[in-house]
Amino acid sequence: MATISTAQPFPFIFDPTTTVLIVIDMQRDFIEPDGFGASLGNDVSLLQAIIPTVANLIQICRTYGVPVVHTRECHRPDLSDLPPSKRNRGNPSLRIGDIGPMGRILVAGEPGADIVPELYPADGELVIDKPGKGAFYATDLSGHLESLGTRTLIFAGVTTEVCVQTTMREANDRGYDCLLIEDATESYFPAFKAATLNFVRAQGALLGWTASCTEFGAALND
Amino acid sequence: MTAKSTIKADPYAWPYNGVLRPDNTALMIIDMQTDFCGVGGYVDKMGYDLSMTQAPIAPIKRLLATMRDKGYHIIHTREGHRSDLSDLPANKRWRSRQIGAGIGDQGPCGKILVRGEKGWNIIPELAPMDGEPIIDKPGKGSFYATDLEMILRTRGIDNIILTGITTDVCVSTTMREANDRGFECLILSDCCGATDRGNHNAALKMVIMQGGVFGAVSDSETLLRHLPCLSSNTR
């Protein structure tokens with residue numbers, strides 16, 4: 001067993017052999033300066049800043065044999081898995097499925113929907129394409145985790161309050177112990193990230209724990 | 001007021017509420033893949049008589065043409081696994097090898113039940129058209145570990161007409177999953193087939209017990225006689 005004694009809100013104890021890292025939506029459209037996220041006026045430099053830490057976290061997990069799962073938010077090219085409410089909400093100038101700066105926006109197989117090169121999945125690592133914010137709904141993630149005997153999930157990726165938090169809540173309800181790596185996740189809005197970290201730790205780790213990448217690596221090294 | 005329309009079926013006129021329109025009803029064609037009904041595929045390799053799983057091809061083809069014309073939703077499924085077999089449970093693989101047709105092993109039509117291989121393709125007679133969703137599923141049921149439910153809900157589909165192979169395995173499992181989720185299901189006896197006649201008949205009979213425990217049973221001829229099209233039903 002490994003322990004992060006400095007995790008919040010209290011020590012986090014886990015078995016590395018039943019632990020999986022989930023890296024959420026580190027996609028070019030959300031992170032790169034010429035992507036969809038930037039075109040909506042978001043400051044992507046905040047998200048770009050975590051790339052080295054996420055890369056380090058992935059490397060730590062690969063070194064210690066912790067499986068790495070990557071997710072991508074994207075839709076089928078015919079948009080049959082895209083609820084009209086999601087496409088039309090707010091009457092945006094660019095909608096999901098339209099031609100954007102890096103191919104059709106949030107459509108599977110388009111360059112913008114792929115993972116940034118710095119964090120690209122290694123051969124054999126599972127990639128989950130998800131139509132929603134949570135990575136469990138309408139995907140085959142559950143079956144994969146069950147077949148690995150997974151008990152603990154480590155979370156990284158973007159954005160903290162949307163896809164990362166939704167997936168953590170789904171995982172928590174399914175009985176997994178969840179740890180969010182504070183410096184390996186980010187939001188376009190720092191206040192939302194801070195609020196999410198508080199949500200997670202509140203009421204005696206209601207949704208899970210948080211710790212830094214360094215603290216997590218040190219626990220594996222002990 | 002929308003006119004009610006139903007299909008003569010056993011044990012009740014389907015659907016239960018008479019709300020049958022192209023926009024709220026889908027034809028599901030399950031696993032009409034070379035691996036299940038073609039020479040050199042998985043079922044052939046296990047040594048079963050292919051005529052049983054080939055029997056529904058002609059009736060489905062006729063039904064598909066009409067339902068496309070009338071504007072119904074068409075959804076296809078394929079059973080198959082990722083090429084790295086990461087979604088293949090070890091016991092499923094072991095059992096398939098016991099019977100001499102190991103999933104993931106090389107067969108006459110490529111790797112058996114692996115996505116992208118020749119045997120995994122839907123047979124040309126029933127090839128999907130653009131805009132018809134294809135559900136790739138790792139199990140017998142079409143809902144588990146797929147986005148089928150999301151697509152059905154997004155399109156506002158309430159009624160599902162089930163066809164394909166095999167009656168007692170993938171069609172029956174999918175019908176049970178759909179029924180538990182509140183979808184109104186009809187299975188067409190001549191548009192399904194099994195590797196064993198007794199199992200085909202038993203799977204259909206189970207549907208009609210207890211007042212239609214999983215839905216209702218009819219056949220394609222009866223359905224085509226009464227199937228409403230968009231114009232006749234919106235008046």
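The values are calculated or read from the model by the stated rules, or taken from the named source; none is laboratory data. Note that the coordinates shown come from a computational prediction; the quantities given were computed from them, not determined experimentally. Neighbour counts run over all protein chains shown; Cβ positions are idealised from the backbone, glycine included.
In the stretch B:25-36, the residues that are of a type in the set (Gly, Ala, Ser) reach residues that are assigned to a loop (DSSP other than H, G, I, E, B) with C-beta atoms within less than 6 angstrom, at least six apart or across chains, in these pairs: B:Ala26/B:Ile157.
Within the stretch A:34-49, which residues are at pLDDT 95 or above and in contact with a helix residue (DSSP H, G or I) (Cβ under 9 Å, 6 or more places away or on another chain)? Walk me through how you get there before you give the answer.
The first filter runs over the stretch A:34-49 and keeps only residues at pLDDT 95 or above, leaving A:44-49.
Residues satisfying the conditions are A:Val44, A:Leu46, A:Leu47, A:Gln48.
In the stretch B:188-216, of all residues being assigned to a strand (DSSP E or B) and under 14 Å from the mean Cα position of the chain (by Cα), the one that is farthest from B:Ala65 (Cα to Cα) corresponds to B:Gly193. The test for being at pLDDT 95 or above and surrounded by fewer than 21 Cβ atoms within 10 Å (Cβ to Cβ) holds for B:Ala65.
Restricting attention to strands (runs of 3 or more DSSP E) lying wholly within the stretch A:116-191, give those where 3 or more residues are within 12 Å of chain B (Cβ to nearest Cβ) and surrounded by fewer than 21 Cβ atoms within 10 Å (Cβ to Cβ). Write out each step before concluding.
Numbers: elements: A:126-130, A:152-158, A:177-186.
Where strands (runs of 3 or more DSSP E) fall fully within the stretch A:116-191 and carry at least 3 residues being within 12 Å of chain B (Cβ to nearest Cβ) and surrounded by fewer than 21 Cβ atoms within 10 Å (Cβ to Cβ), they are A:126-130.
Considering the stretch B:148-163, the residues that are free of Cβ contacts under 8 Å to residues at least 60 places away in the same chain and farther than 14 Å from B:Ile135 by Cα include one that is farthest from the chain's Cα centre (by Cα), namely B:Thr154.
Could you please find all residues in the stretch A:64-84 being among the small types (Gly, Ala, Ser) and more than 22 Å from the chain's Cα centre (by Cα)? Within the stretch A:64-84, A:Ser80 is the sole residue that qualifies.
As for the stretch A:92-110, it holds no residue that is of a type in the set (S, T, N, Q) and not in a loop (DSSP other than H, G, I, E, B). When the residues of the stretch B:1-55 are filtered to those that are outside any loop (DSSP other than H, G, I, E, B) and of a type in the set (S, T, N, Q), the one that is surrounded by the fewest Cβ atoms within 10 Å (Cβ to Cβ) is B:Ser51. Scanning the stretch A:1-46 for residues that are in a strand (DSSP E or B) and touching a Pro at 6+ places or on another chain (Cβ under 9 Å) yields a total of 7. A:Gly100 - would you say it is loosely packed, with under 15 Cβ neighbours inside 10 Å and away from every other protein chain (no Cβ under 14 Å)? Criteria not met by A:Gly100.
When restricted to residues that are small (Gly, Ala, Ser) and more than 12 Å from chain A (Cβ to nearest Cβ), the stretch B:109-144 contains 5. Residue-level analysis places A:Arg87 among those that are outside any loop (DSSP other than H, G, I, E, B), closer than 19 Å to A:Gly35 by Cβ and modelled with pLDDT under 95.
In the set (1) surrounded by 18 or more Cβ atoms within 10 Å (Cβ to Cβ); (2) at pLDDT 95 or above; (3) touching a helix residue (DSSP H, G or I) at 6+ places or on another chain (Cβ under 7 Å), B:Lys111 fails one condition alone, (3).
If you go through the stretch B:119-134 and keep only what is in contact with a Ser or Thr (Cβ under 7 Å, 6 or more places away or on another chain) and under 24 Å from B:Gln106 (Cα atoms), you end up with B:Gly119, B:Asn121, B:Ile123. Annotation note: Cβ proximity below 6 Å between a residue of the stretch B:106-118 that is within 15 Å of B:Lys45 (Cα to Cα) and a residue that is in a loop (DSSP other than H, G, I, E, B) and charged (D, E, K, R) (sequence gap 6+ or interchain) occurs for B:Gly110/B:Glu117; B:Lys111/B:Glu117; B:Ile112/B:Asp105.
Only residues that are within 14 Å of chain B (Cβ to nearest Cβ) and among the polar types (S, T, N, Q) were counted in the stretch A:72-97, giving 3.
Residues in the stretch B:87-108 that are in contact with a strand residue (DSSP E or B) (Cβ under 6 Å, 6 or more places away or on another chain) and within 14 Å of chain A (Cβ to nearest Cβ) were compared, and the one that is farthest from A:His144 (Cα to Cα) is B:Leu88.
B:Asp84: under 14 Å from the mean Cα position of the chain (by Cα) and either acidic (Asp, Glu) or outside any loop (DSSP other than H, G, I, E, B) (or both), yes or no? Against the criterion (under 14 Å from the mean Cα position of the chain (by Cα) and either acidic (Asp, Glu) or outside any loop (DSSP other than H, G, I, E, B) (or both)), B:Asp84 does not qualify.
Take B:Asn121 and tell me if it is touching a Lys or Arg at 6+ places or on another chain (Cβ under 9 Å) and more than 30 Å from A:Lys133 (Cβ to Cβ). Walk me through it before giving the result.
Working: touching a Lys or Arg at 6+ places or on another chain (Cβ under 9 Å): yes; more than 30 Å from A:Lys133 (Cβ to Cβ): yes.
In short, yes.
Here's a check for you: in the stretch B:142-187, which residue that is assigned to a helix (DSSP H, G or I) and charged (D, E, K, R) is surrounded by the most Cβ atoms within 10 Å (Cβ to Cβ)? Only one residue tops the list, namely B:Asp168.
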